[in-house]
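The values are calculated or read from the model by the stated rules, or taken from the named source; none is laboratory data. This is a predicted model, so every value here is computed, not measured. Every residue, glycine among them, receives a Cβ derived from its backbone with ideal geometry; neighbour counts consider all protein chains shown.
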Amino acid sequence: MNKTKRKIFETSMKLFAEKGYDATSIEEITANVGVAKGTLYYHFSSKEEIFGFLIEEGVKLLKNSIEIKTEKLENALDKIRAIVLIEIKVLVKYEDFMTIVLREIWGSGERSNLCKKHVFEYIQMIEEIVEEGINKKEIIDGDKNVIASGIFGFTCSSLIYKMRTDKEINVLELYSEIEKTFIKKLKR
């Protein structure tokens, strides 16, 4: 991604997270980036395309990180631990991205459906690991969809913790709390 496209991408993500998609205009994006509309339209055909690109790239980063970290692990619980740690790191580093996804997932329009599609695909990755753990008797018996959705939801709730306490998230401390209050209870 070239420098201008990256700047448009990052600025859009920040504005979408702060103000919401609908309240962010192309004019506002170009003013904050410091480029003309024509330059923005050279890289993206519309605000909707910027949003789609943002979601695609963010979820791709998360999924690739998970695949790389879990491919060499044998135990399903170790894979889940790796997933939770990566999710927390992504939440901290890309808070704007996660804010957008979590805000948009609750609707029924195109943007919501796009977010749901990607989040559900991601949760399915977790679900497959949970199923593997159940089959290998490493994880308690249970509904793999509920457990996988719970892992995603429990980790995402870290943003609520941050809002409530108004403190920066310490990745390792938060991971440790999630590990002892949630992951540990999955062990068979």
Among the residues of the range 100-120, how many are surrounded by 13 or more Cβ atoms within 10 Å (Cβ to Cβ) and not in a helix (DSSP H, G or I)?
-> 1
Just checking, how many residues over the range 141-159 are of a type in the set (A, V, I, L, M) and farther than 10 Å from GLU127 by Cβ?
-> 1
Do you know which residues across the range 59-80 are part of a helix (DSSP H, G or I) and either crowded, with 19+ Cβ neighbours inside 10 Å or among the aliphatic types (A, V, I, L, M) (or both)?
-> VAL59, LEU61, LEU62, ILE66, ILE68, THR70, ALA76, LEU77, LYS79, ILE80
Taking the range 155-188 only, how many residues are farther than 19 Å from ASN75 by Cα and either buried (at least 17 other Cβ atoms within 10 Å of the Cβ) or of a type outside the set (S, T, N, Q) (or both)?
-> 18
What pairs can you find where one residue is in the range 10-28 and exposed (fewer than 14 other Cβ atoms within 10 Å of the Cβ), the other is assigned to a loop (DSSP other than H, G, I, E, B), and their Cβ atoms are less than 9 Å apart, with a gap of 6+ or different chains?
-> GLU18/THR24
Which residue out of GLU56, GLU49 is out of contact with any helix residue (DSSP H, G or I) (no Cβ under 8 Å at 6 or more places or on another chain), among the acidic types (Asp, Glu), surrounded by fewer than 16 Cβ atoms within 10 Å (Cβ to Cβ) and assigned to a helix (DSSP H, G or I)?
-> GLU49
Picking from ILE151, ILE123, ILE129, the residue that is closer than 23 Å to LEU73 by Cα, modelled with pLDDT of 90 or more, in contact with a Ser or Thr (Cβ under 6 Å, 6 or more places away or on another chain) and not in a loop (DSSP other than H, G, I, E, B) would be ILE123
